[in-house]
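Beneath this line is the structure, given in structure tokens, with notes to follow.
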Amino acid sequence: MQPGVFQQVGAVQLGWEIVAVFILMAVLFILAVRVWAVLGIASILLLKLTDVLPMSLFGESLFSGLDAFALIAVPLFILTGDVLVRTGLSQKLLDLAEETLGTMNSGLGTSTIFGCGLFACISGSDAADAAAVGRVTYSRLVEKGYPEPYACAMIAAGACTGVLIPPSISYIIIGLILGISAATLFLACVVPGILILLSVMVTNILLNRYYHYESSRGKFSFRRWLRAVYEAKWALLIPVIILGGIYSGVFTPTESAASAVAASIIIGFAQRRLHLSDFPRMMESSAKVCGVVMPILAMSLPFAQTLGVLQIPQYFVYSMTSLVHNSTLIMFVMLLILMIAGMIMESAPNIIILSPILLPLALAIGMDEIHFCIFMVTALGIGFITPPLGINLFVMSGLTGTPVHAIASRAVPFMVAMLVMELIIMLVPQISLWLM
């Protein structure tokens with residue numbers, strides 16, 4: 001490391017040239033510079049200023065980091081969700097959700113949230129979940145009596161399960177970064193994801209009971225429910241292929257994603273709801289998602305390797321454990337860091353930047369690495385409905401024309417409910433680990 005002014009902690013030294021790079025990163029983030037560009041600039045500067053690794057590492061890591069079989073699942077899950085929307089199969093899932101829960105008081109709202117959970121079992125993306133469900137249910141919710149901002153907030157909160165319920169793009173990414181099997185994480189996140197979904201549903205029921213948004217109540221018909229199941233049989237086949245294939249050991253997550261794409265396309269053609277002219281738009285949609293995620297992943301590899309050689313994670317662990325001796329308090333500090341990060345940046349870059357730094361700290365206080373991954377992704381998921389950069393808020397605003405600030409204010413009760421559930425997940429690791 002170059003000579004200069006250092007802070008020394010044990011065997012770890014933190015030079016001012018390293019601090020200056022992190023300050024520059026913060027400034028660039030505030031100026032809304034693209035995340036992949038910030039990571040690239042920071043990687044080059046760290047390699048140049050510290051001379052701990054050869055500069056050739058940067059170019060090699062850009063390509064070798066993306067040469068991962070697991071990453072193929074990202075566009076495939078997005079494409080599967082898009083095929084289901086274009087073929088109308090997503091509507092069948094929502095019809096089933098309404099027949100299941102629609103007869104209770106607040107039934108349409110609660111069934112909409114349940115529908116978000118069903119679609120999350122296919123898309124793996126919160127934004128895709130919000131857009132798909134919002135297009136179908138928003139106008140019906142408003143007609144039923146829900147205020148426009150509240151209807152948007154409810155859909156946005158329900159769609160957070162897009163990254164909390166398997167198959168989830170966020171778990172694929174964090175598994176790749178930390179070297180953990182995505183299939184293992186998919187199994188671990190089932191119960192926490194369902195608990196988050198239930199917390200959003202219960203919040204809507206309580207709010208509806210207080211404000212009387214929706215007062216109609218029908219009578220549950222088992223015959224109608226069976227008919228809805230039959231009508232949705234092809235849509236239900238897709239999550240069965242995805243999750244059944246993974247948990248049975250027949251497929252890897254990537255293979256299950258490819259199988260789901262093939263099955264959904266065959267079903268679409270067989271029902272004459274999908275045409276060759278639909279493919280360019282579907283491919284474009286998946287390419288846009290890859291265009292956001294892949295450059296960030298590519299730039300993150302040399303950045304993470306440089307941080308590891310400079311022992312930045314070890315420095316962070318030593319500093320935190322020296323200042324705070326209570327493991328529960330350290331978990332609260334990590335939660336605060338993740339929630340603030342989730343407010344200002346999407347989950348993918350947060351996972352790439354923070355997970356290699358926070359995992360050693362989590363292991364130092366006795367957290368299991370699987371529990372840490374569930375804790376981290378769930379905490380970042382709350383950020384999807386938290387201003388100033390809650391992506392689901394902007395998706396619903398763009399879809400309906402409702403101001404973002406109005407949606408954000410109505411999303412506060414859902415955010416609180418998700419936070420309470422996140423605290424339970426954080427303090428009770430068995431929730432994440434008992435299926436293991």
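Values computed for the structure shown
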quantity: Of all residues in segment 91-113 being farther than 20 Å from residue 241 by Cα and of a type in the set (A, V, I, L, M, F, W, C), the one that is modelled with the lowest pLDDT; calculated: 104
quantity: Tally, over segment 129-139, of residues that are without any contact (Cβ under 8 Å) to a residue 60 or more places away in the chain and either surrounded by fewer than 24 Cβ atoms within 10 Å (Cβ to Cβ) or more than 26 Å from residue 212 (Cα to Cα) (or both); calculated: 4
quantity: Residue 149 buried (at least 24 other Cβ atoms within 10 Å of the Cβ) and modelled with pLDDT of 85 or more; calculated: no
quantity: Some residue of segment 28-46 being over 25 Å from residue 347 (Cα atoms) and in contact with a Ser or Thr (Cβ under 8 Å, 6 or more places away or on another chain); calculated: no
quantity: Residue in segment 162-184 that is free of Cβ contacts under 8 Å to residues at least 60 places away in the same chain, assigned to a helix (DSSP H, G or I) and closer than 23 Å to residue 390 by Cβ present; calculated: yes
quantity: All positions within segment 119-148 that are small (Gly, Ala, Ser) and part of a helix (DSSP H, G or I); calculated: 120, 123, 127, 128, 130, 131, 132, 134, 139
quantity: Residue in segment 240-258 that is surrounded by fewer than 20 Cβ atoms within 10 Å (Cβ to Cβ), aromatic (Phe, Trp, Tyr) and more than 21 Å from the chain's Cα centre (by Cα) present; calculated: no
quantity: Residue list for segment 295-317, restricted to those being hydrophobic (A, V, I, L, M, F, W, C) and in a helix (DSSP H, G or I); calculated: 296, 297, 298, 299, 301, 303, 304, 307, 309, 312, 316, 317
quantity: Any hit, segment 99-118, residues being crowded, with 24+ Cβ neighbours inside 10 Å, in contact with a Cys (Cβ under 7 Å, 6 or more places away or on another chain) and assigned to a helix (DSSP H, G or I); calculated: no
quantity: Listing of helices (runs of 4 or more DSSP H) fully contained in segment 318-410 that carry 1 or more residues being more than 27 Å from residue 159 (Cβ to Cβ), aliphatic (A, V, I, L, M) and free of Cβ contacts under 8 Å to residues at least 24 places away in the same chain; calculated: 327-344, 347-364
quantity: Segment 229-255, residues that are of a type in the set (Gly, Ala, Ser) and modelled with pLDDT of 90 or more; calculated: none
quantity: Of the criteria (1) closer than 24 Å to residue 97 by Cα; (2) surrounded by fewer than 24 Cβ atoms within 10 Å (Cβ to Cβ); (3) of a type in the set (A, V, I, L, M, F, W, C); (4) in contact with an Asp or Glu (Cβ under 8 Å, 6 or more places away or on another chain), which one residue 163 fails; calculated: (2)
quantity: Residue within segment 204-226 that is buried (at least 22 other Cβ atoms within 10 Å of the Cβ) and among the hydrophobic types (A, V, I, L, M, F, W, C) present; calculated: no
quantity: Residue within segment 396-417 that is among the hydrophobic types (A, V, I, L, M, F, W, C) and under 14 Å from the mean Cα position of the chain (by Cα) present; calculated: no
quantity: Members of segment 368-384 found to be buried (at least 19 other Cβ atoms within 10 Å of the Cβ) and touching a Pro at 6+ places or on another chain (Cβ under 7 Å), listed by number; calculated: 371, 374, 378
quantity: Helices (runs of 4 or more DSSP H) lying entirely in segment 5-90 (those with 1 or more residues that are at pLDDT 85 or above); calculated: 16-30, 35-50, 73-87
quantity: Selected residue (only one of 429, 387, 403 is surrounded by fewer than 23 Cβ atoms within 10 Å (Cβ to Cβ), in contact with a His (Cβ under 8 Å, 6 or more places away or on another chain) and farther than 20 Å from residue 171 by Cβ); calculated: 387
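The values are calculated or read from the model by the stated rules, or taken from the named source; none is laboratory data. Predicted, not measured: the structure shown is a model, and the values here were computed from it. Backbone-built Cβ (ideal geometry, glycine too); neighbour counts: all protein chains shown.
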